[in-house]
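Report on the structure given below.
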Amino acid sequence: MAATRHKILLVEDQRAHVKLIERAFEFAGASFQLNTAGSLREARTLLARWTPDVVIADLELPDGRGTDLIPAQQSDAPYPVIVLTSHGDENIAVEVMKAGALDYVVKSASVMRDMPRITTAALREWKHLLERRRAEEARTQSLRLLEGVLDSLSAQVAVLDHSGMILMVNSAWARAGIHNPF
C-alpha cells in the first residue's frame, strides 16, 4: 500500500528560505508533495485550482500577509495554515493564532530543517480538530433530534441525570408549568 502524500503549499518570497525548506522535505522522503508560491497572488491562483493538505505561509509577503490565506470560516476550512516569521513576537503570535493559524513558527536554520516534522505534527493536530468538530456536530444533531422527538409527545416528559437533576423537559412539561417534583 502506497504511503499518503501530503500536499503542501509553501508561500515564501525569500528564495533561500524556499530552498532550505524544499531540501528538508526532499530529505524527508516521498510522503510530501511541495508546491511553492512567492506571493499571495500566486498562492491564491494555486488555491483556486488545487487544495493542499496544509499551507505554510510567511507572515510578511510582498503583497500582503500570510494570515490572509487563513479561511474566513474556520469551521469549513479545507486546510490548516502554519505561519512562518523571521521575527518572533508574542503579540503577533497571539494575533496570528486568533486569526485561525494552526501554528506560528519563527524561522531559523533548525526550524527550516525541521519543517517536515512540524508539518506532520500540524496535520495530526488538524485531523484531531476535524474529528472533534465532527463529533460535536453529531452530538448537536442528536440533541436536536431528541428535543424534536420529546416535543412531539403530548405527555409531559423530563430527562433527569443520575442525581435527579432535570436536564431537559419537553414543551408539554414546560406548558404545564411543573416545578421539579423530584
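Annotation note: of Glu26, Glu22, Glu42, the sole residue that is acidic (Asp, Glu), modelled with pLDDT under 90 and not in a strand (DSSP E or B) is Glu26. Residue-level check: of (1) over 39 Å from the mean Cα position of the chain (by Cα); (2) part of a helix (DSSP H, G or I), Glu137 misses just (1). The listed residues are Asp53, Asp76, Asp68, Asp114, and the only one of them that is of a type outside the set (A, V, I, L, M) and either modelled with pLDDT of 95 or more or touching a strand residue (DSSP E or B) at 6+ places or on another chain (Cβ under 7 Å) (or both) turns out to be Asp53. Contact annotation: residue pairs with Cβ atoms under 7 Å, 6 or more positions apart or on different chains, pairing a residue in region 110-133 that is under 15 Å from Tyr79 (Cα atoms) with a partner that is hydroxyl-bearing (Ser, Thr, Tyr) and surrounded by fewer than 15 Cβ atoms within 10 Å (Cβ to Cβ), are Arg133/Ser75. None of Val94, Val83, Val105 is modelled with pLDDT of 90 or more, under 30 Å from Glu12 (Cβ atoms) and part of a helix (DSSP H, G or I) except Val94.
Scanning region 59-81 for residues that are in contact (Cβ under 8 Å) with a residue 40 or more places away in the chain and either out of contact with any Ser or Thr (no Cβ under 7 Å at 6 or more places or on another chain) or at positive phi (or both) yields Gly66, Leu69, Ser75, Pro80. For region 23-44, a residue qualifies if it is of a type outside the set (A, V, I, L, M), in contact with a strand residue (DSSP E or B) (Cβ under 7 Å, 6 or more places away or on another chain) and open to solvent by less than 40 Å² (accessible area, probe 1.4 Å), and the qualifying residues are Phe25, Ser31, Phe32, Ser39.
Of the residues Leu59, Leu69, Leu20, Leu47, the single one that is in contact with a Gly (Cβ under 8 Å, 6 or more places away or on another chain), surrounded by 13 or more Cβ atoms within 10 Å (Cβ to Cβ) and among the hydrophobic types (A, V, I, L, M, F, W, C) is Leu59. Here is the figure for region 42-93: residues that are of a type in the set (Gly, Ala, Ser) and either within 24 Å of Ser31 (Cα to Cα) or touching a helix residue (DSSP H, G or I) at 6+ places or on another chain (Cβ under 6 Å) (or both) total 5. For region 113-134, indicate whether the set of residues that are assigned to a helix (DSSP H, G or I), polar (S, T, N, Q), under 21 Å from Leu61 (Cα atoms) and within 21 Å of the chain's Cα centre (by Cα) is non-empty. Yes - at least one qualifying residue is present in region 113-134. Only one of the listed residues (Val81, Val11) is within 13 Å of the chain's Cα centre (by Cα) and either open to solvent by 20 Å² or more (accessible area, probe 1.4 Å) or closer than 20 Å to Ala122 by Cα (or both). That residue is Val81.
The values are calculated or read from the model by the stated rules, or taken from the named source; none is laboratory data. Note that this is a predicted model, so its numbers are computed, not measured. Every residue, glycine as well, gets a Cβ built from its backbone with ideal geometry; the counts of neighbours run over all protein chains shown. Areas reflect the complete protein model, heavy atoms only, side chains present, ligands, DNA and RNA absent. Shrake-Rupley method; radii C 1.70, N 1.55, O 1.52, S 1.80 Å.
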